[in-house]
Amino acid sequence: MKHLSILLIEPSFIFREGIKTLLSQMNQDFTIEEVDHFVEDLPKIIRKASANFILINPSMIHSEVIFPHPNGIRIVYVAILSEITDLKIISKFDFSFEITSEKQTLTKLFGKSIEKSIGISKILNNNTLSERENSILKLVALGFTNNEIGEKLFISAQTVMTHRKNITRKLGIKTVSGLTVYAILNNLIKTGER
């Protein structure tokens, strides 16, 4: 996987940290330069950062800015939308996302925008669970044993254990309680469901 050089222009510390966490969970090799103040000279900052992937809160730049592509380098510009923004400004960006979007939506968008930025045909997102893994995760979170899950899904207990190892590897969550919290937060199960 190619290295991604990112310039992140966003005033909110918590949003910047969340974006960095999301990118690191995608197993993407990247370096990041952060700017937390209004940008007067975007081309200068881009040259200094040597960035090929730029995330910008549109309120941090002039509305009449023209996005540069220095030295013919393909740069992908992504808008971080935390408030209502003029469509003329948003149309200048290659991609945009609402900061309030769900993790899965953000992961897909980042995957597509990174793919465009580094020019590869496929980004492996190790955090995306397959439909079968989601089914197994739901049953694990509901307290079923490997044998019970196997019986319900008509697969062997060994296959269930293999899927559980893959789920743990992809999510980085090793405990049943952690998997249960993940399942609740991602609407795989509802609190109190059995």
>> Of all residues being more than 16 Å from the chain's Cα centre (by Cα) and outside any loop (DSSP other than H, G, I, E, B) in the range 8-17, which is farthest from PHE38 (Cα to Cα)? Just the residue, please.
In response: PHE13
> If you go through the range 135-194, how many residues are on the phi > 0 side of the Ramachandran plot and either assigned to a helix (DSSP H, G or I) or small (Gly, Ala, Ser) (or both)?
Replying inline: 3
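Matching residues to (1) farther than 22 Å from LEU109 by Cα; (2) among the small types (Gly, Ala, Ser); (3) in contact with a strand residue (DSSP E or B) (Cβ under 7 Å, 6 or more places away or on another chain):
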| residue | (1), (2), (3) |
| --- | --- |
| ILE45 | yes, no, yes |
| ASN52 | no, no, yes |
| GLU64 | yes, no, no |
| PHE67 | no, no, yes |
| PRO70 | yes, no, no |
| LEU81 | no, no, yes |
| PHE93 | no, no, yes |
>> Testing ILE84 on (1) of a type in the set (Val, Ile, Thr); (2) touching a residue at least 24 places away in the same chain (Cβ under 8 Å); (3) over 21 Å from LYS112 (Cα atoms), one condition comes back false. Which one is that?
In response: (2)
>> Looking only at strands (runs of 3 or more DSSP E) that lie completely in the range 18-116, which have at least 3 residues being touching a Lys or Arg at 6+ places or on another chain (Cβ under 9 Å) and at pLDDT 85 or above?
In response: 30-35, 76-81
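The values are calculated or read from the model by the stated rules, or taken from the named source; none is laboratory data. As the structure is a computational prediction, the values presented were derived from the model and not from experiment. As a convention, Cβ positions derive from the backbone with ideal geometry for all residues, glycine included, and neighbour counts pool all protein chains shown.
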